[in-house]
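**Student:** Could you have a look at this structure, given as structure tokens, before my questions?
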Amino acid sequence: MLMPAYRQRVKVIKPVTKEVRVWPQEATSALQDCFGSTDWNIFKEAATYNNIIDIEEYTDTVSSYITKCIDDVTQMKSITTRANRKPWLTGDVHRLLKARDEAFRVGDEIGLRTARANLSRGIRKAKQDYTHKITSHFNDSKDARSLWQGIQAITDYKPAARSCESNTTLLNNLNSFFARFEAQNNTRPQKTPPPPHDQPLCLSAASVKRTLITINARKAAGPDNIPGSVLKDCAEELKDVFTDIFNISLRQATVPSCFKTATIIPVPKKPSPACFNDYRPVALTPIIMKCFERLVMSHIKSTLPPTLDPYQFAYRAKRSTEDAICSALHPALTHLDKKDSYVRMLFIDFSSAFNTIIPQQLICKLDRLGLSTSLCNWLLDFLSQRPQAVRVGNKVSNSITLSTGAPQGCVLSPLLFTLLTHDCTTTYSSIHLVKFADDTTLVGLITKGDETHYRKEVELLTTWCRDNNLLLNVSKTKEVIVNFQRGHTCHPPLTIDGAAVERVSSTKFLGVHISEDLSWTTNTASLAKKAQQRLYFLRKLKRASAPPPILTTFYRGTIESILSSCITVWGGSCTDYNRKALQRIVRTAERIVGVPLPSLQDIYTTRLTRKAITIVNDATHPAHCLFSLLPSGKRYRSLRSRTTRLTNSFIHQAVRLLNSLPSQLPASRTTRLAGV
């Protein structure tokens, strides 16, 4: 017997039940009055033993009290969502459905006719209300969130990804997998006694309040279940107690366990995950701890020199992936302009770089960077003895305590990782190391076939990674060899720890395809394909009679952002054929939208000007030295080039563009045009 392959979504996908908190209109004001009249010293006195404050008990009781107050003024409601549920289906329609079914069951013919008529009217009204709700999103073009909610409802653009199965055994196995690096850490965290003159960091109530006010109220609450909206709306009432907790924590160099507790949300890396490694562990931590981390991070950044690790482009102001790619390509292009030269580019991949950090090793480096001993001890405690559990839906795994790694999702983790890798530098001038977080690229400039320095640098990098517990994933590490010499011989393969590194003709680096011929055909083809796919959603929005301003917003956010991604890197070097292929997509979008759209050439010129001016005004940028003024002070020194390939590269194009601006002093010109 033949069985149909199709199964209804309601049978394939299980219903999802979740608990939501219902906030009455007066709940916020009630909490403000409650917290404003609370004597917080009671909690502090209750947690004081022999004149020593137990920061664990103090913090836990304050958090529990806040949670209880929230529970007193709000209600929890259970909502079940099924896969075939219509978006316009409301509670009123559900009640009308139940009334119709009840009339049918008891055999009341007159009541059944009435119930059916009421149901038809109710469905019609629900659909009208839903239509009005969607169209209301477009009333205010300045409300970007509301605007995109309306666009997503019409086009179904980027629907929510399905989470993994909420099986307790699976969650326990996932938690053990995420904690697999703990077994490799044999170093016990050991705090250093602070010297007599050491002054712990002291935070002010004003700074704590400013941080609380800037909380994004839409962010999910952490394991403490304190919503960001409560901390934001009650910042004035809560600033003093949290300032006291923060300062005691810094003085004692102890982070309360309830602040360190993390709920791990496994986010699929692929549409259909096949193994544990296909999930990315994202830590959901208490929002108040994120505020604490921001205050500490601000202090750490203020103590670090601006010239520290200039070739680390991640998590830094006025730095982007474009800067990192240009810093890798410019020395390569300049070197290839010489005779008897070629370039080997090694694109390194790490296995769970953030999760392998040894806290004790990191703290030693922070101490050498000049951070106070008390702050180093606080950071060591922050990274040690962290409870974590994996959660999917309402199911939670068993808790595991970790003292290895920096949780992905914490505010301090990116900064701490960049400080861990700040001493990962090159020894030889012919080798360049470019870093963007854990994406690391080694550029070897080879002359006359002598690869001694390049191979030695790879060995030194491998040793550094081993010493710092960073695991090189050789199977995902790729090498691109750029050699334009005629009749060159085959290059010997590169090996790392006995394994050969795969040589590829093209690889993706920070979203841009780098090819061995340094052409941009592969990159532009990838951009064109992705942009063509998104034109479908633009047409769908057009069929829904969306006005031109809404269509333009969608185009700029989803299509233009793709076409112009890192355009300063490849915009001046791609062929006319590739440039016209991308411009045809712009013209197609123009016909759909019905209004003129900026050309890619205009976007390229604007962004090139902005990026060049940013580099000129930033003395710490690695490319700043390439923009040198002539003695007249009115023009920048032109850079020599022998090939068109180098002439059309980013730095050369930027220098020519700055020199073509209206004749004024470059300093005043760049300052005024910085907002271009």
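The values are calculated or read from the model by the stated rules, or taken from the named source; none is laboratory data. This one's a predicted model, so the numbers in the text were calculated from it and none came from an experiment. All Cβ positions, glycine included, derive from the backbone under ideal geometry; neighbour counts span all protein chains shown.
**Student:** Does at least one position in region 33-40 carry a residue that is assigned to a strand (DSSP E or B) and of a type outside the set (Asp, Glu)?
**Tutor:** No, that holds for no residue.
Residue by residue, here is whether (1) under 18 Å from GLY405 (Cβ atoms); (2) in contact (Cβ under 8 Å) with a residue 40 or more places away in the chain; (3) surrounded by fewer than 21 Cβ atoms within 10 Å (Cβ to Cβ) holds:
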site: LYS219; (1), (2), (3): no, yes, yes
site: ASN225; (1), (2), (3): no, yes, yes
site: LYS232; (1), (2), (3): no, no, yes
site: LEU238; (1), (2), (3): no, yes, no
site: SER249; (1), (2), (3): no, yes, no
site: GLN252; (1), (2), (3): no, yes, yes
site: SER257; (1), (2), (3): yes, yes, yes
site: ILE265; (1), (2), (3): yes, yes, yes
site: PRO268; (1), (2), (3): no, yes, yes
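**Student:** Considering ALA103, ALA153, ALA115, ALA126, which residue is small (Gly, Ala, Ser) and at pLDDT below 85?
**Tutor:** Every option except ALA153 fails the conditions.
**Student:** Looking at region 68-82, can you tell me whether even one residue there is in contact with a helix residue (DSSP H, G or I) (Cβ under 8 Å, 6 or more places away or on another chain), closer than 29 Å to ILE154 by Cα and touching a residue at least 24 places away in the same chain (Cβ under 8 Å)?
**Tutor:** Yes, the conditions are met somewhere in region 68-82.
**Student:** Between a first residue in region 311-322 that is farther than 17 Å from CYS566 by Cα and surrounded by 18 or more Cβ atoms within 10 Å (Cβ to Cβ) and a second residue that is at pLDDT 90 or above and of a type in the set (Phe, Trp, Tyr), which pairs have beta carbons less than 9 Å apart while being 6 or more apart in sequence or on different chains?
**Tutor:** Sorted first by the residue in region 311-322, then by its partner, the pairs are GLN312/PHE436.
**Student:** Another question about this same structure. Quick test of your reading of the structure: GLN408 fulfils all but one of (1) of a type outside the set (A, V, I, L, M, F, W, C); (2) surrounded by 21 or more Cβ atoms within 10 Å (Cβ to Cβ); (3) not assigned by TED's automatic domain parsing to the domain that holds GLU479. Name the failing condition by number.
**Tutor:** (2)
**Student:** Is it true that THR452 is in contact with a Lys or Arg (Cβ under 9 Å, 6 or more places away or on another chain) and surrounded by fewer than 20 Cβ atoms within 10 Å (Cβ to Cβ)?
**Tutor:** Here the answer is no, as THR452 does not meet what is asked.
**Student:** Scan (1) surrounded by 13 or more Cβ atoms within 10 Å (Cβ to Cβ); (2) over 30 Å from ARG556 (Cα atoms) for the single condition LYS77 breaks and write down its number.
**Tutor:** Looking at each condition in turn, LYS77 falls short on (1).
**Student:** Restricted to region 465-488, and to residues that are touching a residue at least 40 places away in the same chain (Cβ under 8 Å) and over 30 Å from PHE181 (Cα atoms), which residue is nearest to the chain's Cα centre (by Cα)?
**Tutor:** Ranking the candidates gives VAL480 first.
**Student:** Output the number of residues of region 282-296 satisfying the condition of being of a type in the set (Val, Ile, Thr), closer than 13 Å to CYS258 by Cα and not in a loop (DSSP other than H, G, I, E, B).
**Tutor:** Qualifying residue count, region 282-296: 2.
**Student:** Okay, next question. Tally up the residues in region 565-596 that are free of Cβ contacts under 8 Å to residues at least 40 places away in the same chain and closer than 19 Å to THR552 by Cβ, please.
**Tutor:** Counting residues in region 565-596 that are free of Cβ contacts under 8 Å to residues at least 40 places away in the same chain and closer than 19 Å to THR552 by Cβ gives 7.
**Student:** Return the only residue of LYS540, LYS508 being farther than 28 Å from ARG656 by Cβ, in the same structural domain as HIS330 (by TED's automatic domain parsing), surrounded by fewer than 18 Cβ atoms within 10 Å (Cβ to Cβ) and modelled with pLDDT under 95.
**Tutor:** Result of the check over LYS540, LYS508: LYS508.
**Student:** Just for region 233-275: of the residues that are outside any helix (DSSP H, G or I) and of a type in the set (S, T, N, Q), which one is nearest to the chain's Cα centre (by Cα)?
**Tutor:** THR263
**Student:** Let me ask another. Name the residues in region 106-123 that are closer than 15 Å to VAL93 by Cα, loosely packed, with under 15 Cβ neighbours inside 10 Å and aliphatic (A, V, I, L, M), would you?
**Tutor:** Correct list: ALA117 only.
**Student:** Further question: Just one of (1) surrounded by fewer than 19 Cβ atoms within 10 Å (Cβ to Cβ); (2) touching a helix residue (DSSP H, G or I) at 6+ places or on another chain (Cβ under 8 Å); (3) in the same structural domain as THR495 (by TED's automatic domain parsing) trips up TYR342, so point out which.
**Tutor:** (1)
**Student:** Does THR243 meet the test of being crowded, with 19+ Cβ neighbours inside 10 Å, of a type in the set (Ser, Thr, Tyr) and at pLDDT 90 or above?
**Tutor:** The answer is yes for THR243.
**Student:** Name the residues in region 450-508 that are assigned to a loop (DSSP other than H, G, I, E, B) and β-branched (Val, Ile, Thr), would you?
**Tutor:** VAL474, THR477, THR489, VAL501, VAL504
**Student:** Still on this structure, please answer the following. Identify, from the list LEU375, LEU366, LEU371, the residue that is farther than 30 Å from ASP337 by Cβ, part of a helix (DSSP H, G or I), in the same structural domain as ALA262 (by TED's automatic domain parsing) and in contact with a helix residue (DSSP H, G or I) (Cβ under 7 Å, 6 or more places away or on another chain).
**Tutor:** On inspection, the qualifying residue turns out to be LEU366.
**Student:** Could you tell me whether ALA183 is in the same structural domain as SER372 (by TED's automatic domain parsing), of a type in the set (Gly, Ala, Ser), surrounded by fewer than 15 Cβ atoms within 10 Å (Cβ to Cβ) and modelled with pLDDT under 90?
**Tutor:** Yes: the conditions hold for ALA183.
**Student:** Could you tell me which of the residues PHE350, PHE382 is surrounded by 22 or more Cβ atoms within 10 Å (Cβ to Cβ), among the aromatic types (Phe, Trp, Tyr) and within 23 Å of ASP438 (Cβ to Cβ)?
**Tutor:** PHE382
**Student:** With the requirement that a residue be loosely packed, with under 13 Cβ neighbours inside 10 Å and not hydroxyl-bearing (Ser, Thr, Tyr), what does region 614-634 give you?
**Tutor:** ALA619, CYS625, LEU630, PRO631, GLY633, listed by residue number.
**Student:** Among the numbered criteria (1) in contact (Cβ under 8 Å) with a residue 12 or more places away in the chain; (2) at positive phi, which one does THR17 miss?
**Tutor:** Only one criterion is unmet by THR17, namely (2).
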